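Worksheet: one structure, shown below.
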Amino acid sequence: MKNKILFLLPYFNIAGTEIHAIELANALKDRYKIKIVAPYGGGVGLLSQYNISYSEIPMLSFLNYRKYIRSLKEIILDFKPEIIHVHGAHELTYLVKKTFSSIPVIFTCHGYNSDFPLLDYKLSAFFNNKYSDKVIAVSNYEKMNLLRSGLSEDKVVVIYNGVHENKKGKDLPIKIDGFIIGTCARLTKKKGIRYLIEAFQRIREKYKDVHLVIIGDGKERKNLERLVLQSNKKYIHFLGNLPEASSYFHNFHLFVLPSLNESFGIVILEAMSQKIPVIATKVGGIPEIVIDGETGILVPPKDVRNLADAIFELYRNKELRDKIGERGYVRYKENFTVEKMVEKTLKIYEDILFSSSK
């Protein structure tokens, strides 16, 4: 009889937290019976593709708190998990323990993108000290934020995100001839896409065969589209959300992630796993992935001139692009595969299951 693990998420769109949960669930489903519980979102369609069990729950808010608790209780009573693994929302650890105090709870901190991150980390440390049996941080950057906010050191372990090599290789939905700079992100201010657009427009002043492809959507899209100069509208392509977005990365000559803050950066791994050279900002957990000058190029956030210079350098030097792509792939294989992530997560599950059986 397989042990049962319930993954509880506060949302389920197509971003880093959801990709992490899908990769982990898919890798573990032969060993455990896995169920993902989350509000309906754009990532739910991928679960049937991977044959991962899913139950819908309402979006948590003050107005539907009681409804959320009832739905959660019904799902837990029906599924009877041995472990509940909460992703991304520390307040859910409290709701789980309030409803079923005897079930062990693991929390994975994927970082906080709100306007009040210091408060989020303080609350996360408070909730997890009281209600979680173990906390997984996706980077040392996240671990240090939690420890500085008061989380007990014996509670937390770092497990880097891992991704599979994507060998499907889909063509872009539009035909583009020339050098392609690509990015993939939620279109929010904190992803820094405006600085990439401004850097790209500097590139276009010198080189006319370059294109910028932006995969992803969000509330900043209209503002970003307004930034594009009339002369560049044919060369900057907003493709919106694409299922299995990393399948399109092989079309890129280089990948850029210009985030203002980033707990980790799964899309960087997805690019490195396809030997695509990466330019990213030196923020958050990104320097734990990218070794500047060796496995990618790091630039300061919001620095259009340095970002444009880095793009210029890789545009002009194919040998350097190839070398960075190869080194990035080696670093990915040595540190950031799904297998390595699963191996470390399994140890936590087994330790908790062993303790619970005593």
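Summary of computed values
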item: Residue count, the range 114-139 (criterion: within 21 Å of Gly16 (Cα to Cα) and assigned to a loop (DSSP other than H, G, I, E, B)); result: 5
item: Qualifying residue in the range 177-184 (condition: touching a residue at least 12 places away in the same chain (Cβ under 8 Å), in a helix (DSSP H, G or I), farther than 30 Å from Phe79 by Cα and under 21 Å from the mean Cα position of the chain (by Cα)); result: no
item: Options Glu142, Glu198: the member that is acidic (Asp, Glu), assigned to a helix (DSSP H, G or I) and not assigned by TED's automatic domain parsing to the domain that holds Glu313; result: Glu142
item: Candidate set: the range 1-20, residues that are of a type in the set (A, V, I, L, M) and modelled with pLDDT under 90; chosen: the one nearest to Ser132 (Cα to Cα); result: Ile19
item: Those residues of the range 89-103 which are in contact with a strand residue (DSSP E or B) (Cβ under 7 Å, 6 or more places away or on another chain), farther than 15 Å from Asn129 by Cβ and either modelled with pLDDT under 90 or outside any helix (DSSP H, G or I) (or both), in sequence order; result: Ile103
item: Residue that is farthest from the chain's Cα centre (by Cα) [pool: residues in the range 79-108 that are of a type in the set (A, V, I, L, M, F, W, C) and closer than 17 Å to Ile348 by Cβ]; result: Ile103
item: Condition check for Ser71: of a type outside the set (Asp, Glu) and surrounded by fewer than 21 Cβ atoms within 10 Å (Cβ to Cβ); result: yes
item: Residue list for the range 145-172, filter: of a type in the set (Val, Ile, Thr), in contact with a Leu (Cβ under 7 Å, 6 or more places away or on another chain) and surrounded by fewer than 18 Cβ atoms within 10 Å (Cβ to Cβ); result: none
item: Residue count, the range 1-60 (criterion: part of a loop (DSSP other than H, G, I, E, B) and either in contact (Cβ under 8 Å) with a residue 24 or more places away in the chain or farther than 22 Å from Asn166 by Cβ (or both)); result: 23
item: Flag if Gly111 is farther than 21 Å from Tyr349 by Cβ, part of a loop (DSSP other than H, G, I, E, B) and at pLDDT 95 or above; result: no
item: Criterion violated by Glu74 - all others in (1) touching a Lys or Arg at 6+ places or on another chain (Cβ under 6 Å); (2) assigned to a helix (DSSP H, G or I) satisfied; result: (1)
item: The range 205-217, subset within 17 Å of Leu314 (Cα to Cα) and modelled with pLDDT of 95 or more, residue surrounded by the fewest Cβ atoms within 10 Å (Cβ to Cβ); result: Val210
item: Selection count, the range 200-226, where residues are over 22 Å from the mean Cα position of the chain (by Cα) and β-branched (Val, Ile, Thr); result: 2
item: Tally, over the range 176-196, of residues that are touching a Pro at 6+ places or on another chain (Cβ under 9 Å) and of a type outside the set (A, V, I, L, M, F, W, C); result: 5
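Per-residue answers, yes or no, for (1) more than 15 Å from Leu24 (Cβ to Cβ); (2) out of contact with any helix residue (DSSP H, G or I) (no Cβ under 9 Å at 6 or more places or on another chain):
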| site | (1), (2) |
| --- | --- |
| Leu314 | yes, no |
| Leu320 | yes, no |
| Tyr349 | no, no |
| Ser355 | yes, yes |
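Results for (1) under 18 Å from the mean Cα position of the chain (by Cα); (2) surrounded by 18 or more Cβ atoms within 10 Å (Cβ to Cβ); (3) modelled with pLDDT under 90; (4) not assigned by TED's automatic domain parsing to the domain that holds Ile83, shown as yes or no for each residue.
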position: Ala38; (1), (2), (3), (4): yes, yes, no, no
position: Gly41; (1), (2), (3), (4): yes, no, yes, no
position: Ile52; (1), (2), (3), (4): no, yes, no, no
position: Phe62; (1), (2), (3), (4): no, no, yes, no
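The values are calculated or read from the model by the stated rules, or taken from the named source; none is laboratory data. Keep in mind that what you see is a predicted model, and the values were worked out from it rather than measured. FYI the Cβ positions are ideal-geometry reconstructions off the backbone, even for glycines, and counts take in every protein chain you see.
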